[in-house]
Amino acid sequence: MSAAAGHALELRGLSKRYGGFTAVDAVSLRVERGQFLTLLGPSGSGKTTILMAIAGFVAPSEGAVLLDRRDITALPPERRDFGMVFQGYALFPHMTVAENVAFPLRVRGMPRAERDAKVRAALDLVQLSRFADRRPSQLSGGQQQRVALARALVFDPALLLLDEPLSALDKKLRAELQEELKALHRRVGRTFVNVTHDQEEALSLSDRVAILNYGRLVQIGAPEVLYEQPRTRFVADFLGKSNFLHGTVREVRPDGMALQAGATRLVQAVEGAHPAPGTPALLSLRPEKIVLLAEDEGAENEVDGTIAAWAYLGAGYSLAVRTRDLGEIRVALPAWRAPITPREGLPVRLGWAADAAVPVLEDADAA
Amino acid sequence: MPRDAPALSAAGAAARTRHILPRDAGWYGLLLPAFLLMTVLYVAPILQVLAISVTEPVPGFGNYERLFTNAGVQRVIGTTLRICLITTAVALLLGYVLSYVITLATPRAQRWWLLAVLVPLWISVLVRAFAWVTLLRRQGLVNEGLQAVGLIEEPLRLVWNEFGIVIGMVHYMVPYAVLPMLAAMREIDPRLLAAARGLGASRFAVFSRVFLPLSAPGLVAAGVLVFIFSLGFYITPAILGGGKTLMAAEWIKLQILDLVRWGMGAMLATVLVVTILVTLAIFSRVVDLRRVFGGGH
Amino acid sequence: MGGYASGPFARTVAWATVIYLVLPISIVIPVSLTDRRYLSLPEEGLSFQHYANLLTSEAWLGAIWQSLWIAIASTLIAVAAGTLCAIGCWRLGRRSTELVRAMMLLPLIIPSIVYAVGLYRWFGMLDLLDRFMGVTLAHGVTGIPYVVITVSTALAAFDPRLEQAARGMGASLLQTLRWVILPRIMPGIASGAIFAFIHSWDELVLVLFIASRQVFTLPRKIWDGVNENLDPSMAAVAVLLILLTILLLMLDGALRARRDR
């Protein structure tokens, strides 16, 4: 299993319609060799349909699936040579762990001795050699998940597809297996395509994340890029938490712009295209990028408000601060040496840097 | 749980109906043996019966005119309908009470009750008809027993008449009545009954206001099923009717094997099939054959 | 059931009904053991002479063998065709196979007398009257519904993702059938086989029309007996048939218990 064995996958204008309903709408994307791509979106966003189209279980209405530039759209699933970890794992209950893992080799008519060696190697890879003769029903959820992984990887597939691989597990186990999955990806060096609705899982596992909504690809990029530079309101909202600030562009300078929201004036750094003065603008501001200013402190943006509600979350406080012109602003305040003791009605002054917020598009405009 | 499951399964179903992919060809191939056997060896002979009814002895609807002119045919249809309705009514009544008791029994008791219903269901019709003859004929066990006790002087005429037929047919039909009704009754939430009782309803009120309305679909399904099964019954009426009471099936056999009047036999056979299919179509929403044969045992 | 029990009237009727259902089946047991030469309860002692008569009579044994072979052969036909059809319908989905499913249930709905009449003419044309092959085919076709129903029930509990998983890992249709689907639905297939067997073993109406001398099955022999000479060996046959049916039902129950586990 060498890194060179990874393959590149490309979707070109992939659409899937069911009668009048469009499940996937002209999605184009590329997964490079050895990359870990996650399709992330809420339920009904079309992510699973895309995965099923890649696997060959769903025939696209339009568009093509290409593997290393070769069109495989019409190839039936059994001839695509893709490994797949199904939701709920789909382990064969009437076979032992070893028989499950041997299945893809058996259908390829591999001689027994070679098969046994490969099965052993695959079970070693997921540290399950001791359980080779058990039935899936005798294993824990996490162990079943690893059997499914071993079974999907044992035949050196061109691509590994994962359909919500961790969704059946409890939260703690999920975090553990996330790390294992990431390490496994590095070890086998294969191209992985993962589907999930869990944003944390997407951020921690992936080289790149494709965000889908209503069957459309909204944004694709590295997790950091998506988090720091969301292109639309939906992306900013779906990945982590965000405040949305509405204003009107007053003044445009080479390195930024000034916005007016009621009586409040905001300065905002801008990269790339500058909006024209007089147009409305929308900013996404992460709660953790806002600080509470002491009396003698200042910031590029300063807003006064009062605490409307607060909650203690262990690592920090979550504050909802009511402001005159910007509505309610959510602030994440580290609990360790917090400058204030939150209580309702307490007046506070919020501050953030000009490059803390990001201008985003309304989703209707992005389409 | 699969978040996208509804979309996906809808996807699967639609993919199957709209895009018949070449990869589905294999699955259609699996249907082929059964489809061919059924077409060539089942549907074709039956269509031929329908054809004979309008072609023999002469083309046209002459055979069907007899339905309105021939007293013999009318008598057979009358007898058949009368016996079938009586059978259905009695089988439903007994089956309903039995299902009611089974539904309310403990799981352990339920198994025994069910056994008593299902074993007769699968015992040969012929064996059962024979057993009834043994019991009911002139020198049969029932008559001898009653005479020995002194309840009667002369043996009762219990078999080789309509009474015997109804006894045998009801015996055959009670299990078929029980299965759909039991399935419907098992879906009734038992807490409803306890709750109604707790709210002060009498046992009769609980039954008539809660249990009966909720089990009505099962009752209708059982009624349709028993009625259509009774219509074409052959063995039981032939043995227990002793050739004196003619029902449709035996009349058809008589026309074809003994009188060689194919047209008439085929005509009544067609009437039988059409009646059954129309009845089923009307009640198709409440009758689930699969459930009757697949779920009960 | 949740603290609500049936009343005394209902229980009385239910018991009476069950006695009515079971009585004729149980009464043939003492009758078959009678020491008389006519149908009656044993008077002076039990006797197995009627069983002995039965098992030494070439006519009865011949009929039993013929019925057995026909039932086995027709069960094979019904199981093979019915199982494949149920799997195909399951995989292709309810909507696209609605007609086929309905067609497979026809033999349960249409009275056998109608089919018998049609088959009499049809087999006359195909030269299959009074032939082992003819009766076997007729019983096989009419046994298909039982198999389709039991296998469909078994498939309803089968996770369709297992089939997808197998195909996704490169298994062909035949490999998927053999290694994944069939092993999982075996109990359903066995149930279907049992009911198809009972169906053929007990079938009389078709045999009355399409067989006469060459093929003379057990039900046909019983039919002649009931209509001509009612003697205690009939009761002995009845008892043997009842025992066989109960045995097969118990086998089915055991299979179901295994599947549900």
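Inspection of segment B:94-105 identifies at least one residue that is in a loop (DSSP other than H, G, I, E, B) and within 10 Å of another protein chain (Cβ to nearest Cβ). Looking across B:Leu179, B:Leu212, B:Leu225, one residue alone is surrounded by 20 or more Cβ atoms within 10 Å (Cβ to Cβ), more than 16 Å from B:Ile276 (Cβ to Cβ) and not small (Gly, Ala, Ser). It is B:Leu179. Residues of segment B:130-142 that are within 7 Å of another protein chain (Cβ to nearest Cβ), touching a residue at least 24 places away in the same chain (Cβ under 8 Å) and among the aliphatic types (A, V, I, L, M): B:Val133 alone. The criterion of being touching a residue at least 60 places away in the same chain (Cβ under 8 Å) and either touching a helix residue (DSSP H, G or I) at 6+ places or on another chain (Cβ under 6 Å) or closer than 30 Å to C:Glu163 by Cα (or both) holds for C:Trp60.
Kindly indicate whether any position in segment A:242-252 is small (Gly, Ala, Ser), crowded, with 21+ Cβ neighbours inside 10 Å, closer than 21 Å to A:Leu361 by Cβ and over 29 Å from the mean Cα position of the chain (by Cα). Yes. Pairing residues of segment C:94-111 that are more than 14 Å from C:Gly82 (Cβ to Cβ) and hydroxyl-bearing (Ser, Thr, Tyr) with residues that are part of a helix (DSSP H, G or I) and at pLDDT below 90, at Cβ distances under 6 Å and at least 6 apart in sequence or on separate chains, gives C:Ser96/B:Arg16; C:Ser96/B:Thr17. Scanning segment B:56-84 for residues that are touching a Gly at 6+ places or on another chain (Cβ under 8 Å) and assigned to a helix (DSSP H, G or I), we see that the one that is farthest from C:Pro111 (Cα to Cα) is B:Gly62. Where helices (runs of 4 or more DSSP H) fall wholly inside segment B:188-249, the ranges with 3 or more residues that are within 9 Å of chain C (Cβ to nearest Cβ) and closer than 21 Å to B:Leu98 by Cα are B:190-198. When segment B:183-213 is filtered for residues that are under 18 Å from C:Gly7 (Cβ atoms), without any contact (Cβ under 8 Å) to a residue 60 or more places away in the chain and within 22 Å of the chain's Cα centre (by Cα), only B:Leu212 remains. Evaluating C:Leu68 against the criteria (1) within 14 Å of another protein chain (Cβ to nearest Cβ); (2) in a helix (DSSP H, G or I); (3) not β-branched (Val, Ile, Thr) leaves one unmet condition, (1).
Quick grid of which residues meet (1) more than 7 Å from chain C (Cβ to nearest Cβ); (2) at positive phi; (3) modelled with pLDDT under 70:
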{"position": "B:Arg16", "(1), (2), (3)": "no, no, yes"}
{"position": "B:His19", "(1), (2), (3)": "yes, no, yes"}
{"position": "B:Asp24", "(1), (2), (3)": "no, no, no"}
{"position": "B:Tyr28", "(1), (2), (3)": "no, no, no"}
{"position": "B:Pro33", "(1), (2), (3)": "no, no, no"}
{"position": "B:Ala51", "(1), (2), (3)": "yes, no, no"}
{"position": "B:Pro57", "(1), (2), (3)": "yes, no, no"}
{"position": "B:Gly62", "(1), (2), (3)": "yes, no, no"}
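In segment C:178-195, the count of residues that are within 16 Å of B:Met38 (Cα to Cα) and buried (at least 22 other Cβ atoms within 10 Å of the Cβ) is zero.
The residue list C:Glu58, C:Glu43 contains one member that is among the acidic types (Asp, Glu) and within 12 Å of chain B (Cβ to nearest Cβ), which is C:Glu43.
Residues to consider are C:Ala238, C:Ala257; find the one that is over 21 Å from C:Ala78 (Cα atoms), at the interface with chain B (Cβ under 9 Å from one of its Cβ atoms) and of a type outside the set (Val, Ile, Thr). Checking each option against the conditions leaves just C:Ala238. Have a look at C:Asp224, C:Asp252, C:Asp231 and point out the one that is surrounded by fewer than 19 Cβ atoms within 10 Å (Cβ to Cβ), in contact (Cβ under 8 Å) with a residue 24 or more places away in the chain and on the phi < 0 side of the Ramachandran plot. Answer to the selection: C:Asp231.
The lone criterion from (1) under 26 Å from C:Pro24 (Cβ atoms); (2) surrounded by 22 or more Cβ atoms within 10 Å (Cβ to Cβ) left unmet by C:Leu240 is number (2). Number of residues in segment A:107-143 that are surrounded by 17 or more Cβ atoms within 10 Å (Cβ to Cβ) and in contact with a Gly (Cβ under 8 Å, 6 or more places away or on another chain): the value is 1. Give me the strands (runs of 3 or more DSSP E) completely within segment A:204-293, filtered to those with at least 3 residues that are free of Cβ contacts under 8 Å to residues at least 60 places away in the same chain and out of contact with any His (no Cβ under 8 Å at 6 or more places or on another chain), ordered by residue number. So the answer is A:243-253, A:256-261. Criterion applied to C:Leu54, C:Leu61 was being surrounded by 17 or more Cβ atoms within 10 Å (Cβ to Cβ) and of a type outside the set (D, E, K, R), and the one residue passing it is C:Leu54. Of the listed requirements (1) farther than 23 Å from C:Val239 by Cβ; (2) in a helix (DSSP H, G or I), C:Ile222 misses just one: (1).
Of all the listed residues (B:Ala34, B:Ala51), the sole one being part of a helix (DSSP H, G or I) and touching a Cys at 6+ places or on another chain (Cβ under 7 Å) is B:Ala34. Out of A:Pro104, A:Pro42, one residue alone is within 11 Å of another protein chain (Cβ to nearest Cβ), touching a Gly at 6+ places or on another chain (Cβ under 7 Å) and of a type outside the set (Val, Ile, Thr). It is A:Pro104. Taken together, the residues in segment C:115-156 that are closer than 21 Å to B:Leu272 by Cβ and in contact (Cβ under 8 Å) with a residue 60 or more places away in the chain amount to 10.
The values are calculated or read from the model by the stated rules, or taken from the named source; none is laboratory data. Predicted, not measured: the structure shown is a model, and the values here were computed from it. Cβ coordinates were reconstructed from backbone atoms using ideal geometry, including for glycine residues, and neighbour counts include every protein chain displayed.
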